[in-house]
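Below: one structure, written as structure tokens.
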Amino acid sequence: MPPETVLAFDTSAAHCAAALLLPDGRVLNRLEPMEKGQAERLMPLLEELLAEGGIGWGDLTRLGVGTGPGNFTGVRISVAAARGLALGLGIPAIGVTRLEALAHGLPRPLLVAEDARRGEAYVQGFGLPGLETARLMSASALPDAPHVTGSALPDALPPALPLAEAIAHIAASRSPDARPAPFYLRGADAATPSDPAPVILP
């Protein structure tokens, strides 16, 4: 199979992150820290990255998108953009969790423990029996592991690659399956409206 041309992006935290994986082996990375405004910045950022790589939207063969866990709205921004682009371009979009991306390229067995705030951590084990399923745990009760990465513990291994680049590499190697969907381990912070939903007339 010819090399893939992959555009990957993530807005699951206080950033807009994107990477472009090109068939000639080049990888272009962008990371812009931001607390808000990802919805307005994401598409211009992606267009800038394509221009830097000297290609257009029609040259892409697949998309990679970070599906969380993370900021509820941020995850939805990226996933919605990936699904819309995939439909318009006629190419697959592959969802990659933040925990998978952080683990990419690091030694196994490995525990990923990412700060989830409120004294909790998003946790997933790779090559650790019983911990393969991602979960939300108390940050003070994390299990021992030979190698640890993520922001929930001091002295953890740094990621092998920038987040969006790791998403791009995983997306390039993964068979397309279902459309990407948000991956949440915690409910939204926003309260459910107390008013009843409006009636939709036929």
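The values are calculated or read from the model by the stated rules, or taken from the named source; none is laboratory data. This is a predicted model, so every value here is computed, not measured. Neighbour counts are summed over all protein chains in view; Cβ atoms, including those assigned to glycine, are modelled from backbone coordinates with ideal geometry. The accessibility values were calculated without ligands, DNA or RNA, using every heavy atom of the protein model including side chains. Shrake-Rupley method; radii C 1.70, N 1.55, O 1.52, S 1.80 Å.
Here are the numbers for this structure:
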quantity	calculated
Ser175 versus Asp155: modelled label distance in nm, points set 7 Å from Cα along the beta carbon direction	4.3 nm
In region 42-137, the GluC sites (Glu not before Pro) that fall in loop regions by DSSP, at most 12 other Cβ within 10 Å	Glu132
Met34 paired with Glu132, simple spin-label distance in nm, labels 7 Å along Cα-to-beta-carbon	3.9 nm
Carbon/sulfur fraction of accessible area - the chain, other protein chains in place, 1.4 Å, %	57 percent
Contact order relative to length of the chain, as percent, for alpha carbon pairs under 8 angstrom and 6 or more apart	23 percent
Net length gained if the chain between Ala14 and Arg41 were fully extended (0.36 nm per residue, minus Cα distance)	8.5 nm
Förster radius 25 Å - calculated FRET efficiency between Tyr184 and Asp144, Cβ distance, rounded to 0.05	0.40
The chain, helix-only ellipticity at 222 nm - DSSP H runs n ≥ 4, -39,500 (n - 2.57), divided by all residues, nearest 500	-8000 deg cm²/dmol
Gap separating the Cα centres of region 91-123 and region 47-64, nearest whole Å	26 Å
Entry for percent of Cα pairs over 32 Å apart (calculated from the structure that is shown) out of (1) 9; (2) 27; (3) 19	(3)
Simple label model, 7 Å out from Cα along Cβ direction - Thr73 to Glu48, nm	2.1 nm
